[in-house]
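Here is the structure we will look at, set down as structure tokens.
The values are calculated or read from the model by the stated rules, or taken from the named source; none is laboratory data. All values reported here derive from a predicted model rather than from experimental measurement. As a convention, Cβ positions derive from the backbone with ideal geometry for all residues, glycine included, and neighbour counts pool all protein chains shown. All accessible areas refer to the heavy atoms of the entire protein, side chains included, with ligands and DNA or RNA removed. Shrake-Rupley method; radii C 1.70, N 1.55, O 1.52, S 1.80 Å.
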Amino acid sequence: MPFAMASPAKVASLWFPEQQRMIATTVASMSNPFGILIGSALSPIIASSASKMPTMLIIWFIPCAVSTVISTFGVWSSKPPTPPSSSAAEESEPYFAGLKQIIRIKSFRVLLVVLGAGLGLFTTLTTLIEQILCTRGYSDNFAGLCSALMIIFGLVMSVVLGLYVDKTRNFEITAKICFAFAGVFGCGFVAASQFPNIPIVIGVLVSLFGGFGFAFYPICLELGVECTFPVAEATSTGLLVISGQIQGIIYIVLMQIGALPLPFDQMKYQVCSQSKSADGGITPQDFQYSLYGFGGIMAAVAILFLFTFHCEYKRLKMERERQQANQ
């Protein structure tokens, strides 16, 4: 999985021309959440009882086996015979030399913090959303629907904005708009999650949070390549993904530490004890202050990104210079 998550920008750079790289990165990076969505939706249907679990495992083994065979025996070269762009023909920096170079680039350091925070906060929300919402009377089915809505709207927005960025090359401004709106709707969810009986409002907020948040991810992968060229694409992408994983673990732990016992006067709303978890239910906890921290981190990171991130498109600049020199 780590190798797959670090590969989208590398594959796009080596196999696709300049005007198709963004959408190629988008499709490759969104294949993971799309698979999660399909698996989450179909698994309960296939395994409607414990006795059907082996059947579900066999069914999911089939696409895994097919993809393994295709990737093992169907891919014969790491790059096409003819480079699709002048940057694809360039040799990347050796790994350790590139690693030393990349940490000196201010724009990448900002991106490392910001994209890592975005990935970490999204992971935190999808992990704890059932525990957060059940205290206000929302069922685990509704929490699952919210997670699905985030992914569905994220996939749609990612494709739309991927096509737009491929045509306009407006990486930075599009990424800033996406993160700003994701921050607004994320903070909106923090406020709305404190109230019962507003499922439509919560559904709309998480859908828009997921839409702009997901679209932000592939754009930032391409920005990471642009900022650090000629460092290998997998190096910048890998570091960004690792940052997201580390921050996700930290935020999940902090959210759970900050959760308090649910006040007695709010126990009448909770349905956590009715959740279909393995131990018979979820202990109701008040995530109010943890959610305030969630919103505060998102707002602070959004401000950091909007006012301190400025990227020189090094790869595009080199390609333009080569193109002019060949005319």
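Could you run through region 14-55 and say how many residues are open to solvent by 60 Å² or more (accessible area, probe 1.4 Å) and under 25 Å from ALA88 (Cα atoms)?
So the answer is 6.
Residues LEU239, LEU223: which one is farther than 16 Å from SER147 by Cβ, part of a helix (DSSP H, G or I) and open to solvent by 20 Å² or more (accessible area, probe 1.4 Å)?
Details: LEU223 fails: open to solvent by 20 Å² or more (accessible area, probe 1.4 Å).
Selected residue: LEU239, the only one of LEU239, LEU223 that is farther than 16 Å from SER147 by Cβ, part of a helix (DSSP H, G or I) and open to solvent by 20 Å² or more (accessible area, probe 1.4 Å).
Are there any pairs, at least 6 apart or on different chains, whose C-beta atoms fall under 6 Å, with the first in region 7-22 and over 18 Å from LEU240 (Cβ atoms) and the second of a type in the set (Asp, Glu), and if so, which?
GLN19/ASP166
Restricting to region 1-16, name every residue that is outside any helix (DSSP H, G or I) and within 20 Å of VAL160 (Cα to Cα).
Taking region 1-16 first, the residues outside any helix (DSSP H, G or I) are 1, 6-7, 16.
Of everything in region 1-16, just one residue is outside any helix (DSSP H, G or I) and within 20 Å of VAL160 (Cα to Cα), namely PHE16.
Would you point out the residue of region 303-312, among those that are of a type in the set (Phe, Trp, Tyr) and open to solvent by less than 60 Å² (accessible area, probe 1.4 Å), that is farthest from ILE177 (Cα to Cα)?
Step one: of region 303-312, the residues of a type in the set (Phe, Trp, Tyr) are 305, 307, 309.
Next cut, open to solvent by less than 60 Å² (accessible area, probe 1.4 Å) only: 305, 309.
Details: PHE305: 10, PHE309: 13 Å.
The residue in question is PHE309.
So the check is Cβ under 6 Å with 6+ separation or different chains; which pairs have a first residue in region 184-211 that's assigned to a loop (DSSP other than H, G, I, E, B) and a second one that's among the basic types (Lys, Arg)?
PRO196/ARG136
Among the numbered criteria (1) under 27 Å from LEU306 (Cα atoms); (2) more than 20 Å from the chain's Cα centre (by Cα); (3) surrounded by 21 or more Cβ atoms within 10 Å (Cβ to Cβ), which one does LEU205 miss?
(2)
Pairs, please: C-beta under 8 Å, at least 6 apart or cross-chain, first residue within 11 Å of ILE219 (Cβ to Cβ) and in region 159-171, second of a type in the set (Asp, Glu)?
Listed by first residue and then by second, the contacts come to VAL165/GLU222; PHE171/GLU222; PHE171/GLU226.
If I go through region 162-179 residue by residue, how many of them are open to solvent by 30 Å² or more (accessible area, probe 1.4 Å) and either of a type in the set (Phe, Trp, Tyr) or over 13 Å from GLU18 (Cα atoms) (or both)?
The number of residues fulfilling the criteria is 5.
Have a look at ILE132, ILE103, ILE58 and point out the one that is in contact with a helix residue (DSSP H, G or I) (Cβ under 8 Å, 6 or more places away or on another chain), modelled with pLDDT of 85 or more and either closer than 20 Å to LYS10 by Cα or open to solvent by 50 Å² or more (accessible area, probe 1.4 Å) (or both). Spell out the reasoning first.
Details: ILE132 fails: either closer than 20 Å to LYS10 by Cα or open to solvent by 50 Å² or more (accessible area, probe 1.4 Å) (or both); ILE58 fails: in contact with a helix residue (DSSP H, G or I) (Cβ under 8 Å, 6 or more places away or on another chain).
Just one listed residue meets the conditions, ILE103.
Quick one: GLU90 ticks every box in (1) free of Cβ contacts under 8 Å to residues at least 12 places away in the same chain; (2) open to solvent by less than 90 Å² (accessible area, probe 1.4 Å); (3) among the charged types (D, E, K, R) bar one, so which box is it?
The failed condition is (1).
Hey, among SER71, SER78, which residue is at negative phi, exposed (fewer than 15 other Cβ atoms within 10 Å of the Cβ) and touching a residue at least 60 places away in the same chain (Cβ under 8 Å)? Walk me through it before giving the result.
Numbers: SER71 fails: touching a residue at least 60 places away in the same chain (Cβ under 8 Å).
One residue alone meets the criteria, SER78.
Can you say whether GLY116 is open to solvent by less than 10 Å² (accessible area, probe 1.4 Å), touching a Gly at 6+ places or on another chain (Cβ under 8 Å) and either in contact (Cβ under 8 Å) with a residue 40 or more places away in the chain or under 30 Å from ASP286 (Cα atoms) (or both), as far as the supplied structure shows? Break it down stepwise before answering.
Numbers: open to solvent by less than 10 Å² (accessible area, probe 1.4 Å): yes; touching a Gly at 6+ places or on another chain (Cβ under 8 Å): yes; either in contact (Cβ under 8 Å) with a residue 40 or more places away in the chain or under 30 Å from ASP286 (Cα atoms) (or both): yes.
In short, yes.
Surrounded by 15 or more Cβ atoms within 10 Å (Cβ to Cβ) and either at pLDDT 90 or above or under 27 Å from PHE122 (Cβ atoms) (or both) - does that describe any residue in region 260-267? Break it down into steps so the answer makes sense when it comes.
Taking region 260-267 and keeping what is surrounded by 15 or more Cβ atoms within 10 Å (Cβ to Cβ), we get 262, 266.
Adding the requirement that they be either at pLDDT 90 or above or under 27 Å from PHE122 (Cβ atoms) (or both) leaves 262, 266.
Yes.
All but one of (1) open to solvent by 80 Å² or more (accessible area, probe 1.4 Å); (2) modelled with pLDDT of 85 or more; (3) over 24 Å from ALA175 (Cα atoms); (4) not aliphatic (A, V, I, L, M) hold for ARG322; state the number of the condition that does not hold.
(2)
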